[in-house]
Amino acid sequence: MLRRLFVLLLAFTVIGLTVFAGWLVVFVHKSVTPPTIPFEISIEHGSTLKAAAREIAASGMPISAWQFELMARLLGRQRNIIAGTYEIDGPITPFRLLSKIRRGDATQSEITFIEGSTFAQIRKILASNPGIKQVAAGLTDNAVLKAIGAQETHPEGLFFPDTYIFSTGMSDVAILARAYRAMQSRIAKEWDNRATNLPYKTPYEALIMASIIEKETGKPEERPRIAGVFVNRLKRGMKLQTDPTVIYGMGAAYNGNIHKRDLTTDTLYNTYTRTGLPPTPIAMPGLGAIEAALRPALTEELYFVSKGDGSHYFSKSLEEHNRAVAKYQK
């Protein structure tokens, strides 16, 4: 009797396993057609296999979440799920779809942060990109800094200008975190290779100087020379007297023109009324400006004035500078 029961149990087990194996083979290799072609599936960042399976099913793709998850686990492919937006351009098998999201074969987008941009401008660029998940929209600047793990309390100048490739659906906070880490890496490397006897106590002070250099000239070849002038003025205890810091301190009051009263109205960023560096960067400096701040030209010059064509005239004395001002700006 027991032997007969054992044989029956074994037979049912074999049948069950055969049916299950048959289901698995069919499920793995049977193509399913998305609701529309092309069709997009978004896998959130940080999604586990279970979460990804639910997101696939919730998107409208005719694939059972639990069956998709079970298939992946049985095949030993439950790890390395890569977030992103995946375009499906026709019928696809669950196995191919699993392989696709494990390869990271997602739709790629890019966003560019331009040298000299302010943090407010960066936030607008992020907010206007339809491929980015908006997380920072409702956050204050300080909350954004906390979200990316930054220790600083002011966001200006902390993000490296570059073109960032990302999977569609990545959050704005994640992109900012990448730009922040890139700037931290760049400034640390350049700080280690800085010239001797510079008037900066910390890499952050060098970043402040780099942001001023970035805004002062669009001529790459002038950056080290402008840095040399500012370094000379700092060492002598002279005011930097640079218009871009004044403009930054004016905030929304700046309408495209700067007047004499603006130069005499004190703000935290008015380098005509205050000595030393302003408290924070005023924009996002590029690598060229950072290099200039940390390896300035060796010069005796203390002044420069715009020549009206994007370049500057540099002077060693106030008398020479006044003549240059009379020539180029009056």
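Residue 134 fulfils the conditions (1) on the phi < 0 side of the Ramachandran plot; (2) crowded, with 17+ Cβ neighbours inside 10 Å except for a single criterion, (2). Being closer than 29 Å to residue 160 by Cβ, of a type in the set (A, V, I, L, M), touching a residue at least 24 places away in the same chain (Cβ under 8 Å) and assigned to a loop (DSSP other than H, G, I, E, B), is that true of even one residue in region 262-277? Yes, that holds for at least one residue.
Against the definition (among the hydroxyl-bearing types (Ser, Thr, Tyr) and at pLDDT 95 or above), how does residue 117 come out, yes or no? So residue 117 passes the test.
Of the set (1) in contact with a Lys or Arg (Cβ under 9 Å, 6 or more places away or on another chain); (2) modelled with pLDDT of 95 or more; (3) at negative phi, all apply to residue 284 but (1).
Just for region 1-52: of the residues that are more than 29 Å from the chain's Cα centre (by Cα) and among the small types (Gly, Ala, Ser), which one is modelled with the highest pLDDT? Step by step, filter region 1-52, then rank; the result is 31. Which ones in region 60-78 are under 21 Å from residue 37 (Cβ atoms), touching a helix residue (DSSP H, G or I) at 6+ places or on another chain (Cβ under 8 Å) and open to solvent by 50 Å² or more (accessible area, probe 1.4 Å)? Of everything in region 60-78, nothing turns out to be under 21 Å from residue 37 (Cβ atoms), touching a helix residue (DSSP H, G or I) at 6+ places or on another chain (Cβ under 8 Å) and open to solvent by 50 Å² or more (accessible area, probe 1.4 Å).
Within region 298-315, residues that are within 14 Å of residue 326 (Cα to Cα) sit with their Cβ atoms under 7 Å from residues that are part of a loop (DSSP other than H, G, I, E, B) and open to solvent by 40 Å² or more (accessible area, probe 1.4 Å), at 6+ positions apart or across chains, in these pairs: 313/307. Take region 155-185 and flag every residue that is of a type in the set (S, T, N, Q) and more than 10 Å from residue 132 (Cα to Cα). The answer is 163, 184, 185.
The rows are residues; the columns are (1) closer than 20 Å to residue 213 by Cα; (2) among the β-branched types (Val, Ile, Thr); (3) open to solvent by 40 Å² or more (accessible area, probe 1.4 Å).
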residue	(1), (2), (3)
255	no, no, yes
278	yes, no, no
289	yes, no, no
313	yes, no, yes
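The sole residue among 284, 250 that is in a loop (DSSP other than H, G, I, E, B) and among the aliphatic types (A, V, I, L, M) is 284.
The single residue among 99, 109 that is surrounded by fewer than 15 Cβ atoms within 10 Å (Cβ to Cβ) and under 34 Å from the mean Cα position of the chain (by Cα) turns out to be 99.
The values are calculated or read from the model by the stated rules, or taken from the named source; none is laboratory data. None of these values were measured; they are calculated from a predicted model. Reconstructed Cβ throughout: ideal geometry from the backbone, glycine too, with neighbour counts over all protein chains shown. When the accessible area is computed, the model is the full protein with side chains, heavy atoms only, and any ligands, DNA or RNA have been set aside. Shrake-Rupley method; radii C 1.70, N 1.55, O 1.52, S 1.80 Å.
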